[in-house]
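What follows is one structure encoded as structure tokens, with my remarks underneath.
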Amino acid sequence: MDLNFTPAEEAFRTEVRAFLAAEVPKDISDKLRLGRRLVKDDMVRWQKILFRRGWGAGMWPQRFGGAGWNVVQQHIFEEECAAANAPPQIPFSLRMVAPVIMAFGNARQQEYFLPRIVSGEDWWCQGYSEPGSGSDLASLRTSAVRDGGHYVVNGQKTWNTLGQYADWIFCLVRTSAEARPQSGISFLLIDMKSPGISVRPIITLEGEHEINDIFFENVRVPLENLVGEENKGWTYAKFLLNHERTSNAGVGNCKRSLAQLKQLAATQSVNGRPLIEDARFRDRIAQVELELMALEITNLRVLSAFARENRPPGAEVSALKIKGSEIIQQLAELKMHALGHDALPYLREALDPEWQAEALLGSHYPAVAPSLSGQYFNLRKTTIYAGSTEIQKNIISKMILGL
Amino acid sequence: MDFRYTEEQLALQETLQRFIARDYGFEQRRAFAKADPGFSDAAWKQYAELGLLALPFPEEYGGLDGGAVDVMAVMEQVGQGLLLEPYLSTVVLCGGILRDAASAALRSAILPQIAAGEVKLALAAYEAAGRYELSHVATTAVAEGAGWRLSGRKSVVLDAPSADCFLVSARTAGAVGERAGISLFLVPRAAERLRVLPYATQSGARAGDLELTATRVEGAALIGAPGEALAVLERGVDAGIAALCAEACGIVTALNQATLAYLKSRKQFGVPIGVFQALQHRMADMYIAEEQIRSMAIIAAVNAGSSDALARGRALAAAKAYIGQAARFVGQQAVQLHGAMGVVDDLIVSHYFKRLTMIDMTFGDADFHFARFSDTAERSGAHQAA
């Protein structure tokens, strides 16, 4: 047992840090630092920069264009990205659909789609949830009926993240109504430019457009866009969800958020003293920090076991998802509370990069302030998406505890 | 980075598991706890034969050169078996302090004796009015000729009744609460005017209060430089805290196993109670707590030997605080999920729960260590595991 990084890992960290210092565009890192709105171009631009360095997909195997990193290297990379205010990579492509295509797609699909993902050329979104199928995902009803060389898809997907940017959507569709619900689902890759697809924004509680309804009306999808076998999609869907949840611990993000919180608490004042010197507030920070310290090690233990045993992520990731989502919420809550009543103003324009705080508010008002309440409200989603906390506990109960 | 035990550590654990299954079942343990000396002499001899008592000492003193992670592997099993022998006091705490701070002559004399199971020790570092503060030392040591006279009281000295010698903190200078001026003495049980008031603790192991009334010890009884023992004590107790974290980890693992088995076997309303979602989700929370506790026990073990006192203290405080909270949750819920069976003396569940509770209240409880962690927040940057 050894928690120290090897000299090679330390050298890797130095290399990553130097790369990030030189290559993260300042306009983008400023947005992250100040809590301003990220747009598609920011994320695509960053993906292309990583791709040029050969780091477009750190943990993918090299034969698919990845860097072939192990979990510790990936951990170091994410930690450094968070510290450098580098933007997140697009998870729906890299961490969700790509592992499915690698594991279950055919050679033609792998050769066509994977390079376009790693280069940042294609943006993917997810078509899982439906209005009547949330936690009970297997009850989904969007149908795909064969017609010659095509499937004809009809139905509605919802809670789709950033589909307004997407070139492609991976969809769970019903190809059989016989047998039990899980046995009639297939995994389809659908071009978002296909006639019959429409995207309708859903505005979330903080006032932003992040998610959508997506409607399919007689959308024709070539049969060759089926992944794996027809009616086996539920297996792939679960595989994908486990991959998704490996990133849900979000230790790097949590660390960035904790550092922001400590900085805020050092600069905000209460009774003329820095807020961090208020033992009650400091204790609340410390409580989250303890949880994060433990999660960091639990995360590495779980992921390194998968890597060592050469198996796909299992139900253990549910614990990581539960903890990571709670921690990021608690940090957001504390950051908002650190502002005191300055958390009340709703300054939508303040999310634009050009916004100047001084124009409106006193100099004590931290530049990051206008984003914090919205961030708190927005992040309530984390214990709901990718399988709610309650669903994760069901999974632990069934798959790990055997109850 | 590597989170696995080595082959040797796993083999050691298996040996202990076999020993517990064969010689240290629940009923046997209760018999040991009831009769004097409150543990098994035969088990102590076995630990010596297995090398457990030599584990953290240098080879030149008959030791096995083990580190805190080796101790962690052992202490997990100590937890699972609820072993009563004074391993923590003799080997980890006092043995560790003597290894780090005693003169070469004393090390040569006493470490091989500890390793052979010939001498048992107890740490007398806390006083009634001081709660968990090691610097609260009102006991005094006054030089007299070549020796010293010690006066004062030490409270809840773990494993005191069976100890052959005590490591006693006493003030040679300064006022109560000051960091400087604390010294450490090795006091033989047979010293004149040393009184031990023995009692059993809530979890079965024995302890006692010490009263020293101008108790005379030789000059060689002083461990390290006079007045500079606090850092030595803190390091020693931090190692003890890491060991307790590992013991708690072992207990939580065993307690979760027992509770899960109960949920699958106990039937009400015609079905195993584990089919009820309220209980499933509680058990899932207990599973998550166990994983987080293990991670914190690892952080404690790998930091226990660090000579960077601030980083070490912060890591150990974090681990002890977190495990205090999380193990309390697991312990209380294990009792709750066992229903009335959880509150009887005849089932091991209540014994695990009591031991977890005592662990929390040994060397500083969750609140104490939480404050220690929180109050050092400004001085540390981003937290680093190692």
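The values are calculated or read from the model by the stated rules, or taken from the named source; none is laboratory data. Just so it is clear, the structure is predicted and the values come from calculations on it, not from any experiment. Note: ideal-geometry Cβ built from the backbone for every residue, glycine included; neighbour counts use all protein chains shown.
Data overview
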item: Number of the exception - B:Ala129 against (1) under 23 Å from the mean Cα position of the chain (by Cα); (2) without any contact (Cβ under 8 Å) to a residue 24 or more places away in the chain; (3) not in a helix (DSSP H, G or I); result: (3)
item: Any hit, the stretch B:373-383, residues being surrounded by 18 or more Cβ atoms within 10 Å (Cβ to Cβ), under 21 Å from the mean Cα position of the chain (by Cα) and modelled with pLDDT of 95 or more; result: yes
item: Pair list, Cβ < 7 Å and 6+ apart or interchain, from the stretch B:1-19 residues that are within 12 Å of chain A (Cβ to nearest Cβ) and under 15 Å from A:Arg308 (Cα atoms) to residues that are of a type outside the set (A, V, I, L, M) and not in a helix (DSSP H, G or I); result: B:Met1/A:Asp2; B:Met1/A:Phe5; B:Asp2/A:Asp2
item: Pick from the stretch B:51-72, criterion aliphatic (A, V, I, L, M) and under 21 Å from B:Ser108 (Cα atoms), ranking: farthest from the other protein chains (Cβ to nearest Cβ); result: B:Leu53
item: Condition broken by B:Ala128, with the remaining ones in (1) among the small types (Gly, Ala, Ser); (2) touching a strand residue (DSSP E or B) at 6+ places or on another chain (Cβ under 6 Å); (3) crowded, with 24+ Cβ neighbours inside 10 Å satisfied; result: (3)
item: Members of the stretch A:1-32 that are within 14 Å of chain B (Cβ to nearest Cβ) and free of Cβ contacts under 8 Å to residues at least 24 places away in the same chain; result: A:Met1, A:Asp2, A:Asn4, A:Thr6, A:Pro7, A:Ala8, A:Glu10
item: Extreme residue, nearest to A:Leu347 (Cα to Cα), among residues of the stretch A:187-216 that are among the polar types (S, T, N, Q) and surrounded by fewer than 18 Cβ atoms within 10 Å (Cβ to Cβ); result: A:Thr204
item: Selected residue (criterion: surrounded by the fewest Cβ atoms within 10 Å (Cβ to Cβ)) from residues of the stretch B:355-369 that are among the hydrophobic types (A, V, I, L, M, F, W, C) and either more than 14 Å from chain A (Cβ to nearest Cβ) or under 18 Å from B:Val330 (Cβ atoms) (or both); result: B:Met361
item: Unique residue being of a type outside the set (D, E, K, R), surrounded by 23 or more Cβ atoms within 10 Å (Cβ to Cβ) and touching a Cys at 6+ places or on another chain (Cβ under 8 Å) when the list is B:Gly79, B:Gly95; result: B:Gly79
item: Residue identified as within 14 Å of chain B (Cβ to nearest Cβ), modelled with pLDDT of 90 or more and either touching a helix residue (DSSP H, G or I) at 6+ places or on another chain (Cβ under 6 Å) or surrounded by 22 or more Cβ atoms within 10 Å (Cβ to Cβ) (or both) among A:Glu277, A:Glu296; result: A:Glu296
item: Any hit, the stretch B:52-72, residues being within 30 Å of B:Gln257 (Cβ to Cβ) and of a type in the set (Val, Ile, Thr); result: yes
item: Among the residues listed as B:Leu279, B:Leu210, B:Leu263, B:Leu255, the single one being part of a helix (DSSP H, G or I), in contact (Cβ under 8 Å) with a residue 40 or more places away in the chain and away from chain A (no Cβ under 11 Å); result: B:Leu255
item: Filtered residues of the stretch B:329-368 (kept if among the charged types (D, E, K, R) and within 17 Å of the chain's Cα centre (by Cα)); result: B:Lys354, B:Arg355, B:Asp360, B:Asp365
item: Of residues in the stretch A:310-353 being among the basic types (Lys, Arg) and more than 13 Å from chain B (Cβ to nearest Cβ), the one surrounded by the most Cβ atoms within 10 Å (Cβ to Cβ); result: A:Lys335
item: Residues (outside any helix (DSSP H, G or I), within 20 Å of the chain's Cα centre (by Cα) and closer than 16 Å to B:Leu64 by Cβ) located in the stretch B:105-121; result: B:Gly117
item: Test: A:Arg284 is buried (at least 17 other Cβ atoms within 10 Å of the Cβ), more than 22 Å from the chain's Cα centre (by Cα) and charged (D, E, K, R); result: yes
item: Pick from the stretch A:377-403, criterion within 17 Å of A:Lys323 (Cα to Cα) and of a type in the set (A, V, I, L, M, F, W, C), ranking: nearest to the other protein chains (Cβ to nearest Cβ); result: A:Ile396
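The rows are residues; the columns are (1) under 16 Å from B:Arg206 (Cβ atoms); (2) not in a helix (DSSP H, G or I).
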residue: B:Tyr47; (1), (2): no, no
residue: B:Leu53; (1), (2): no, no
residue: B:Leu64; (1), (2): no, yes
residue: B:Ala73; (1), (2): no, no
residue: B:Val78; (1), (2): yes, no
residue: B:Leu88; (1), (2): yes, no
